[in-house]
Amino acid sequence: MMALLDSLELLSSGADKTVAALQWGVVIGASLVAAVFDLRARRIPNAITAPLLVAGLIRAFWIGGFSGFADALGACVLLALPYVVLFVLANGGAGDAKLMGAIGAWLGLAQGMIVLFSVAIAGIILGLAKAVLQKRLRFVLTDVIVSLYGFVLFLVGFRSGRYMVHQAGVDQSCGFNVPYGVAIFAGVCAGGGFYWLW
């Protein structure tokens, strides 16, 4: 009887690894395609993000029922939210927000948090590297500080804070923009590596 239970547990862990490999394979592949589009056209098309989101939510419901769907939907909102805020307040890309939401739908909350952190780190590294290469590090750091200050003012209720964040985003876009799809791809790869190693 113990041998049968051990065999079932081994099959279950093998099935879990197959499901995880599918999840990570899909999000790594989709984020690679999005990064290529972002490098070439500075946009991530809905033709990538919409099917990815719908397929992720369907897969979550198929495998986990309503609780799986709720986990995927929660991860979708959590991963997209920071990029929606950047889109609204600082001229970030809408495609970045949609892609992160779709990735969240595929990975769920636990794995999605790993990716959210990894993408943020990759974005910071990419932005700083580009600023150093273009000899604009001081400008970019000043812009970030103004944006953060304006965001805090906006959160506490001062309308001028939104203007400051928006203006900083406009100033930053003058000659310095980072194809964030590349950072998303790098962060997803790093998150996948972290997940599989631990």
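Given the criteria in contact with a helix residue (DSSP H, G or I) (Cβ under 9 Å, 6 or more places away or on another chain), without any contact (Cβ under 8 Å) to a residue 60 or more places away in the chain and not in a helix (DSSP H, G or I), does Arg59 qualify? The answer is no for Arg59.
Taking the listed residues Ala80, Ala120, Ala110, the one that is surrounded by 15 or more Cβ atoms within 10 Å (Cβ to Cβ), in a helix (DSSP H, G or I), under 14 Å from the mean Cα position of the chain (by Cα) and not hydroxyl-bearing (Ser, Thr, Tyr) is Ala80, with no other qualifying.
Taking each residue of the range 87-98 that is farther than 11 Å from Tyr180 by Cβ and at pLDDT 80 or above and looking for partners that are part of a helix (DSSP H, G or I) and among the β-branched types (Val, Ile, Thr) with beta-carbon atoms closer than 8 Å, six or more apart or interchain, yields Lys98/Thr49.
Regarding Arg40, is this residue assigned to a helix (DSSP H, G or I), within 21 Å of Ala186 (Cβ to Cβ) and more than 14 Å from the chain's Cα centre (by Cα)?
Numbers: assigned to a helix (DSSP H, G or I): yes; within 21 Å of Ala186 (Cβ to Cβ): yes; more than 14 Å from the chain's Cα centre (by Cα): yes.
Considered against the rule, which asks whether it is assigned to a helix (DSSP H, G or I), within 21 Å of Ala186 (Cβ to Cβ) and more than 14 Å from the chain's Cα centre (by Cα), Arg40 comes out as yes.
The values are calculated or read from the model by the stated rules, or taken from the named source; none is laboratory data. On a predicted model such as this, the values are computed, not experimentally measured, just so you know. Positions of Cβ are backbone-derived with ideal geometry, glycine not excepted, and every protein chain shown enters the neighbour counts.
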